[in-house]
Every structure is written in structure tokens, then in C-alpha cells.
Amino acid sequence: MRMRDPLWKRKNCRRSRRLCAFALIFALLAGCGQSAPGTKDSTDQTESVQGTDGAENAGTDSTGTDGAEQVGTDSTGTDGAENAGADSAGTESEKAEAPQKEKGALNSLPSKYWLPNKNAGTVVRVDYETDAYGSTISKYAYVYLPYGYDENKQYDVLYCLHGGGGEIDAYFNTSATPAKTKILFDNMIANGDIDPIIAVSPTYYGGSGSSVDQVTEFSKKELINDLIPAVEGTYSTYAESTDPEGIKASREHRAYSGFSMGALSTWYTFVYCLDYFYYFIPISGDCWVNGTHNAVGGAIMLEKVCAESGYGEDDFFIYAVTGDQDIAYSAMQDQMKAMKTNSPSFRFVTEDNAEGNICFRVQPKARHDYFYMPLYYYNALPTLWRGGPVYDE
Ligand code: FER
């Protein structure tokens, strides 16, 4: 089994890459005796709207069908920038107005990341059938293809599940009216924060029983039997084949994430599908046991899965995140405490120790709301395949 570099090693690589970049820029500037040429990059189009704080106008809702049309159009919006940790796009006046980052806060989301980037990916629909629930039913998922998607390349893939009451279009909506998370992915890729990825927004609706049953059955059966083969058999990921062996062989190129009930699904994807996924981002939801919060029970279950899986401590990574005003906060905090006692296979990355396979980040003032997803993904995604630091260096 190929081992993932531990975080400290990736961190050192990242640091030396950055030093090289600085040295190169310095050498270029010194050599030219003037500032670097004004190369237009893909983000320049956002500079023309710097006066409009997109973060202010992004709106909040908890339904997942977020008003993408509000982005950058309403100059009288509420101060979402402060709540979401957004910062200035870079001018001196904006810097002066930018809220100070609170202790423990995630890295601020540049306000231009709320605004469409001209190098925009596309959202397509993949239809498939599943018999995970006793009879054959037709379902579909939305798939985000990065700008310049090329079927001759291979892409890491991120699965994103909505929460209870949320909808399948929560993450991306459509190419024409993109949701905020799609706009975020476009900007992160265009600015080189992450490599181009494919991302998938399915729904757990369609099964039977309680929502907890639907979520857990989705992770247990539909995900591996039907959804992954449908998506990764159509678009170019690292899966050489979409049978279980092919999906397993490409696990280091696959991440699972979700908000609220989608976070429950993320924990259960760890439980049922650790063979097929390496990275997990549970957002604002804890690992219930038998449909209810049970911190110690969840910690014991997760440890058992890990210990019995044969995977070592460098063979997975979990970025758990929520806000301190979130209804999931105390439950997640309890779970993390319980894991520190009951789950020796999990080693927490902290501000003092960059090594580990799980972190728990808490954003001050953030509530249980899709509004914060761009901020959370902005911070989480660079820590996955690139192994960026969880905390500021
Ligand atoms: C949690 C808090 C809230 C959680 C789920 C929810 C799985 C979901 C609530 C809802 O959809 O009504 O900690 O963990």
C-alpha cells in the first residue's frame, strides 16, 4: 500500500516550493530592474468590480438553493463578509476595511472569490440507476467539470453531499446560474490554490425509511455500486476501471464531503468506504450512532473501522469543520474529545503539531448555514491533495 507523505513532510515541501518561488520572483525583479510585466491572469476580470464586496451580497440561506444571482449585485446586503471571514481583494482601502481575523479563525476568503471567474467550469448531469433500496430507481447527480476539462488528463474527484432539506443543486446549481461553491471552485482553480478537480453533487433522497437510514444506505451501497461507476466511468478520474478494485486502487485521488446530514454521510462513508476514499470533509455534523448523537459510541465505531481496515495512520485524512454558533458545534466538539480518548488511530493536527490524520477547525461566529461552505472548502481543499498546512504557518 502506498503511504501518503505525512503532513509535516508535505509542509516542508510546500515551504521550499514557496521559497523557490520567492527567489525566482526576486531574481526576475532584480534582473529587470523594474516590476514584473503586467501579465493578465484569469482573475483580472474581478479587479474591475473591486468596489463591490461580493461577500456582502452573497446572501444567506439554509436551504441549499442559494441565490447565486445575488452575488455581486446587491450593494445593500448584510455584512456577510465579516461572518464568513471574507477579506479584501487587495486594494489598500479594502485592506483598511477588512475585518481582523479572529483568534482561531480560518484563513479569510478573498471577496473576489464570491464573484464569477471568466475561466468557469461547467456543470453537467449524469443519470444512473440504483437498486440499493430494494427496487430499481432512476437518479442523477450534478458533476462539476473544471475549466479546460480534458478527457486525456486524470482528475482528483470530490463528492459533495447536501444536508437535510437541502437540494441536489446546493453546491453547483447550473453553469448559467452558478451556486457559490461552484464559483469558489472556479476561482480556486483559476488562481492555482488547488489543481483542477472534478466534483460531484448527488442526493441521498430517494431511498426509504428515515433520513438517517437514507443517508447511511446511500453511503453503504449507492455510492460505490452506482454513483461512482456512473460518474467515473464517464469522466476521466484516476479510476482505471470502475469495479471495486479499480475504485480502491484510486482511493488516494478521491475525497468525500458534506454539510449537516451530508456530514453524517461523510462519517458513514469513512465507516463503509474507507477502501475507496482517502480524504473526508465532514462539515457541521457529527457521527451519530443509531440515528442519534453518541460521541463515545461514534468514536469507538470509527476506531474499530480504522483498526480493522488495515490502513495505517497515514492512509487517510479528515478535515472536520464547523462554526462556534453552529447547532452541530457542541456535538462535534464532544465527538472530537471522545476520539482523543477512544480512537488511538486518529492523531489530531493542532496549532502546535502539524502531523496527524484529522483536524477539527472551528470558525468563530459561524452558524449552521450553507453560507459558510465556500469559506470551509477554501480552507479545506488545499490541505487535501496538496497537503497544505491546516493552520497558518
Ligand atoms: C448535527 C447537527 C444537525 C448533525 C446533523 C444535523 C449529523 C442536521 C439537522 C437537520 O438536517 O435537521 O450535529 O450531525
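Nothing in this text is a laboratory measurement; each read-out follows from the coordinates by a stated rule. Keep in mind it's a predicted model, so treat the numbers as computed, not measured. FYI the Cβ positions are ideal-geometry reconstructions off the backbone, even for glycines, and counts take in every protein chain you see.
Assorted remarks:
- Going from the residue with the fewest nearby Cβ atoms within 10 Å to the one with the most, Glu245, Glu308 rank Glu308, Glu245.
- Karplus (6.51, -1.76, 1.60) ³J(HN,Hα), θ = phi - 60°, over segment 149-157, in Hz, Gly and Pro reported as x: 3, 10, 5, 8, 9, 10, 10, 5, 10
- Net charge of Cβ neighbours under 15 Å - reference Leu158; Lys, Arg +1; Asp, Glu -1: -2
- Backbone HN-Hα couplings from phi across segment 306-319 [Karplus 6.51/-1.76/1.60, Hz, Gly and Pro as x]: 5, 5, 7, 6, x, 7, x, 6, 9, 9, 7, 8, 10, 10
- Its relative contact order, with pairs defined as Cα atoms under 8 Å and 6+ residues apart, puts segment 257-393 at 23 percent.
- Rel. contact order, % - alpha carbon contacts under 8 angstrom, at least six apart, segment 207-268: 35 percent
- Relative exposure of Asp324, Asp315, Asp150, Asp186, judged by other C-beta atoms within 10 Å (fewest first): Asp150, Asp324, Asp315, Asp186
- Dipole magnitude (debye, nearest 20) for segment 148-195, charges at Cβ of Lys, Arg, Asp, Glu: 160 debye
- Local net charge near Asp193, Cβ-Cβ under 12 Å (Lys/Arg +1, Asp/Glu -1): -1
- Relative exposure of Lys153, Lys337, Lys180, Lys221, judged by other C-beta atoms within 10 Å (fewest first): Lys153, Lys337, Lys221, Lys180
- Whole-Hz couplings from phi, Karplus 6.51/-1.76/1.60, listed for segment 186-197; x for Gly and Pro: 4, 5, 4, 6, 4, 8, x, 5, 9, 6, x, 10
- Net charge contributed by nearby residues that have their C-beta within less than 12 Å of Gln325 (K/R +1, D/E -1): -1
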